[in-house]
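The values are calculated or read from the model by the stated rules, or taken from the named source; none is laboratory data. The structure presented is a predicted model; accordingly, all values stated were derived computationally and were not measured. Glycine gets a Cβ as well: all are built from the backbone with ideal geometry, and neighbour counts include every protein chain shown.
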Amino acid sequence: MNWGFAREPENPEKTVNAFECWCSKMFFGGSAFPDLWINLGPGIVAAYVGAEARYRCDSETVWFEAPKTWEELERLEFDPKNKWWLIIKNLTSFVTKRSEGKFMVGITDLGGITDIVASLRGSQTLVVDMFRSPEKVKNLSRRILDIWHICYEELYRLSGGPKRGNSA
């Protein structure tokens with residue numbers, strides 16, 4: 001279930017149905033509560049700004065491929081029409097509507113800022129960048145942080161956060 005949204009982002013009903021079936025067999029005692037986490041992989045913000053996200057069944061996670069050059073990253077902007085951004089917005093809206101009175105909704109793992117930068121540059125390249133181009137790394141990190149906040153605020157709103165809270 002945890003990777004249902006990443007495996008089949010076009011079929012959220014299947015993942016929600018499986019989660020509701022699982023919940024019907026569980027006892028949530030004490031302070032426990034059902035929580036459906038909309039998981040598209042760690043640091044999915046990288047995909048919102050152009051990294052290629054690939055779900056891998058063999059490792060049950062999402063990997064980012066084709067690291068970007070500094071020239072590409074200098075032109076980096078948040079695109080509200082980005083395919084992955086639209087997918088997560090649609091998933092969040094759908095799950096929130098289905099969850100009403102039944103379970104909490106967890107916002108996707110937007111990722112840590114440096115993790116997102118590593119997904120955009122490649123981890124090994126980023127380590128070298130930190131020594132050779134620290135100002136570029138800092139500037140990119142600031143821009144990613146701004147984008148991160150835009151994403152979080154919108155997903156928080158879509159998940160009903162202001163009225164009902166969320167779990168992530």
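Name the residue, out of D109, D35, that is under 16 Å from S167 (Cα atoms), acidic (D, E) and surrounded by fewer than 18 Cβ atoms within 10 Å (Cβ to Cβ). Lay out the reasoning, then the answer.
On the way: D109 fails: surrounded by fewer than 18 Cβ atoms within 10 Å (Cβ to Cβ).
After applying the criteria, what remains is D35.
All conditions in (1) touching a Gly at 6+ places or on another chain (Cβ under 7 Å); (2) in a loop (DSSP other than H, G, I, E, B); (3) free of Cβ contacts under 8 Å to residues at least 40 places away in the same chain hold for A53, with the sole exception of (2).
Could you tell me whether the range 73-87 includes any residue that is in a strand (DSSP E or B) and either surrounded by fewer than 20 Cβ atoms within 10 Å (Cβ to Cβ) or touching a His at 6+ places or on another chain (Cβ under 6 Å) (or both)?
Filtering the range 73-87 for residues in a strand (DSSP E or B) gives none.
No, the range 73-87 has no match at all.
For the range 91-117, name all the residues that are outside any loop (DSSP other than H, G, I, E, B), of a type outside the set (S, T, Y) and in contact (Cβ under 8 Å) with a residue 40 or more places away in the chain. First the steps, then the outcome.
The first filter runs over the range 91-117 and keeps only residues outside any loop (DSSP other than H, G, I, E, B), leaving 91-99, 104-106, 113-117.
Now drop any that are not of a type outside the set (S, T, Y), which leaves 91, 94-95, 97-98, 104-106, 113, 115-117.
Answer for the range 91-117, where residues must be outside any loop (DSSP other than H, G, I, E, B), of a type outside the set (S, T, Y) and in contact (Cβ under 8 Å) with a residue 40 or more places away in the chain: L91, F94, V95, R98, M104, V105, G106, D115, I116.
Of the residues making up the range 13-50, those that are in a loop (DSSP other than H, G, I, E, B) and more than 28 Å from L120 (Cα to Cα) number 10. Of the set (1) of a type outside the set (G, A, S); (2) without any contact (Cβ under 8 Å) to a residue 40 or more places away in the chain; (3) surrounded by 18 or more Cβ atoms within 10 Å (Cβ to Cβ), all apply to K14 but (3).
Considering only the range 60-106, how many residues are out of contact with any strand residue (DSSP E or B) (no Cβ under 8 Å at 6 or more places or on another chain), more than 30 Å from K136 (Cβ to Cβ) and not basic (K, R)? The number of residues fulfilling the criteria is 7. Counting only residues that are closer than 15 Å to K89 by Cα and either assigned to a helix (DSSP H, G or I) or modelled with pLDDT of 95 or more (or both), the range 148-168 holds 12 of them. Which ones in the range 19-60 are modelled with pLDDT under 90 and touching a helix residue (DSSP H, G or I) at 6+ places or on another chain (Cβ under 8 Å)? Matches in the range 19-60: N39, L40, G41, P42, G43, G50, A51, A53, Y55, C57.
Only one entry in V137, V117 is modelled with pLDDT of 95 or more, surrounded by 16 or more Cβ atoms within 10 Å (Cβ to Cβ) and within 17 Å of the chain's Cα centre (by Cα), namely V117. The set of residues in the range 47-71 being farther than 18 Å from I113 by Cβ and of a type in the set (D, E, K, R) consists of E52, R54, R56, D58, E60, E65, E71. For V128, the stated conditions hold: it is exposed (fewer than 15 other Cβ atoms within 10 Å of the Cβ) and either assigned to a helix (DSSP H, G or I) or in contact with a helix residue (DSSP H, G or I) (Cβ under 6 Å, 6 or more places away or on another chain) (or both).
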